[in-house]
Amino acid sequence: MTGDLWQLVVADLETLAIAVVTAVACAVPGAFLVLRRMALVSDAISHAILPGIVVAFFVTGSLTSPWLVMAAAATGVLTVALIEALNRTRLVAEDAAIGLVFPALFSVGVILVSRYAGDAHLDADVVLLGELAFARFDRWTLAGVDLGPKALWSMGAILIVNLALVAALAKELKLATVDPALAAVLGFAPGVLHYVLMGAVSVTAVGAFNAAGSILVVALMIAPPASAYLLVSRWGSMLWLSAGLAALGAVTGYALAVALDVSIAGAMAVAAGLIFALSFLLSPDRGLVAQARRRRAQRLDLAVRMLVVHLVHHVGTDREEDENRRSTLSDHLQWRESAVRRAVRAAEERRLVERAGDQLRLTAAGRTLAEGAVV
């Protein structure tokens, strides 16, 4: 392998590693947002932290300063506090409060970027949409040794912190998510846990700016956990599956971006959306296909019950021979022939009816079901 080809491979691997780590780091706190039904809050925080980042940049003059992360976390917590303050007045609903707070803060950040950061490396388009392809060029060197992209180190550190936070507060976060009132009674301080989680969301969002910007980071934070929520029912399984689907979306999105020569962040968001669409359709318990099958089974079960009730009603009557004839059921029940065929076949498979030529006769099990249905 030539030197130039090796450099291209390393460049692709570094970019892919940043994409995967960023997606997984976003999915970990995102799982709690989905469980708490606060997905829209992630959108609010990812936008509203912009003025905090800009102000910290003006003060420090550096996009790599840790003060940017701290300012973003503080602004994210402030955003949540303002939303809850408006909601507690009972004059504004929660969704309306979100719609009032984050556009106001976000617009302030956009104005500051466009007005005062025109000559700096803080472009509004990059802040909004991100550009992961350029993240690998900002390197971390120590004593003249190239240690790799700063974005990989920073998002790796954020991922570790998020995982450590979940591991340390797993029981508390789970209880505060499922039953905040019980968590308060047991002394777990759900309010404090809530703001700790919002701080983690804020830090993750600002760390992901290089990869996805303030808009597409919402897809990375919500789509994988939402997909996992449809596929599993246990809290721990959902958390790990969210991380796995996030990594899968990152790899798939990167391959899609390379194949189509499009934005990597955009392709990652599309891949995450496609994974959610597949989960929405094919989830074994909650997917559209499974729901359609259940509804079809319920309709068939109802048809079988109506069939056996019809048969039992005419047992011993003068019209029994005509009413219980297979060839005339469609007219008597006012059903389509296909519906009659399915109901009779299902009843025979369940050994509720049996045929005697063209006549249908109830078995003992069929009579018991029919009598129970008309009680």
Next on the checklist: What do you get for the angle between helix 66-88 and the principal long axis of the chain? Use alpha-carbon atoms, 0 to 90 degrees, nearest ten.
Outcome noted: 50
Checklist entry - Where nothing but the Cβ of Lys and Arg (+1) and of Asp and Glu (-1) is charged, how large is the charge dipole of the chain around its Cα centre, in debye to the nearest 20? => result 1180
Checklist entry - Hey, got the dipole for the range 335-375? About the Cα centre, +1 on K and R Cβ, -1 on D and E Cβ, debye to the nearest 20? => result 100
Checklist outcome for this item: Taking the convex hull of the alpha-carbon atoms of the chain and averaging its shadow over every direction gives an area in square nanometres of 29.9
Checklist entry - By how many degrees, between 0 and 90 and to the nearest 10, does the Cα long axis of helix 94-116 differ from the longest principal axis of the chain? => result 30
Checklist outcome for this item: With the 8 Å Cα cutoff and a minimum separation of six or more residues, the range 138-281 has a relative contact order in percent of 17
Checklist entry - Relative to the longest principal axis of the chain, what angle (0 to 90°, nearest 10) does the C-alpha long axis of helix 150-168 take? => result 50
Checklist outcome for this item: With the convex hull built on the alpha-carbon atoms of the range 239-375, volume per residue in Å³ sits at 171
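The numbers here are math on the coordinates, done by the rules we state, and not lab data. All values derive from a computational prediction rather than experimental measurement. In this analysis, Cβ positions are derived from the backbone assuming ideal geometry, glycine residues included, and neighbour counts consider all displayed protein chains.
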